[in-house]
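Only one structure is covered here, and it is reproduced in the block below.
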Amino acid sequence: MLRTFQIAMIAILMACSGSAIAALVILEQAVEADVSDTRFPSNSAGQVVVRACTGCEPQVWRVTAATSYHIGMRTQPVALAELRAAAASGRHEMVYVFYKPDTDEVTRVVLSAKH
């Protein structure tokens with residue numbers, strides 16, 4: 001009796017774990033690129049254009065007023081103008097563009113400092 005109960009519980013747990021995996025939804029994707037291969041938007045209704053590698057086709061995503069901009073490990077967002085100035089300063093080498101895969105809308109842009 002106990003053995004039957006254990007087998008039944010294992011079967012239930014396996015079935016539940018399979019359905020949990022199927023329910024995963026990708027909410028955000030990201031691309032990493034050199035700052036020099038990135039064109040930042042000039043306003044909050046523009047586009048971010050990124051060439052992820054030498055020879056790669058440029059990828060274009062749109063930014064909105066909801067897009068946030070970050071420099072380094074700061075948790076607080078900065079203004080787009082501050083991000084553009086930091087990117088032009090030469091102190092940052094990588095940029096990470098996070099976007100919604102279903103709409104290609106940019107959720108956030110993060111600059112990474114040189115090491």
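The values are calculated or read from the model by the stated rules, or taken from the named source; none is laboratory data. Quick caveat, the model's predicted, so the values are computed rather than measured. Cβ sites come from the backbone with ideal geometry, for glycine too, and all protein chains shown count toward neighbours.
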- prompt: If you scan the range 101-115, which residues turn out to be touching a Phe, Trp or Tyr at 6+ places or on another chain (Cβ under 9 Å) and not β-branched (Val, Ile, Thr)?
  reply: 104, 105, 108, 111, 112
- request: Quick one: residue 107 ticks every box in (1) modelled with pLDDT under 90; (2) outside any loop (DSSP other than H, G, I, E, B); (3) among the polar types (S, T, N, Q) except a single one, so which number is it?
  value: (1)
- prompt: Which of the residues belonging to the range 39-51 are part of a loop (DSSP other than H, G, I, E, B) and buried (at least 16 other Cβ atoms within 10 Å of the Cβ)?
  reply: 40, 41, 46, 51
message: Out of everything in the range 57-75 that is surrounded by fewer than 16 Cβ atoms within 10 Å (Cβ to Cβ) and among the small types (Gly, Ala, Ser), what residue ends up being nearest to residue 38 (Cα to Cα)?
response: 72
The range 76-93: number of residues that are surrounded by fewer than 16 Cβ atoms within 10 Å (Cβ to Cβ), under 17 Å from residue 39 (Cβ atoms) and either among the aliphatic types (A, V, I, L, M) or under 18 Å from the mean Cα position of the chain (by Cα) (or both): 4
field: Filtered residue count, the range 56-115, keeping only those that are touching a Lys or Arg at 6+ places or on another chain (Cβ under 9 Å), touching a residue at least 40 places away in the same chain (Cβ under 8 Å) and of a type in the set (S, T, N, Q)
entry: 3
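Results for (1) over 30 Å from residue 82 (Cβ atoms); (2) aliphatic (A, V, I, L, M); (3) at pLDDT below 85; (4) in a loop (DSSP other than H, G, I, E, B), shown as yes or no for each residue.
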| site | (1), (2), (3), (4) |
| --- | --- |
| 5 | yes, no, yes, no |
| 8 | yes, yes, yes, no |
| 13 | yes, yes, yes, no |
| 17 | yes, no, yes, no |
| 20 | yes, yes, yes, no |
| 25 | yes, yes, yes, yes |
| 31 | no, yes, no, no |
- line: All-but-one check, residue 93 against (1) assigned to a strand (DSSP E or B); (2) modelled with pLDDT of 90 or more, failing number (2)
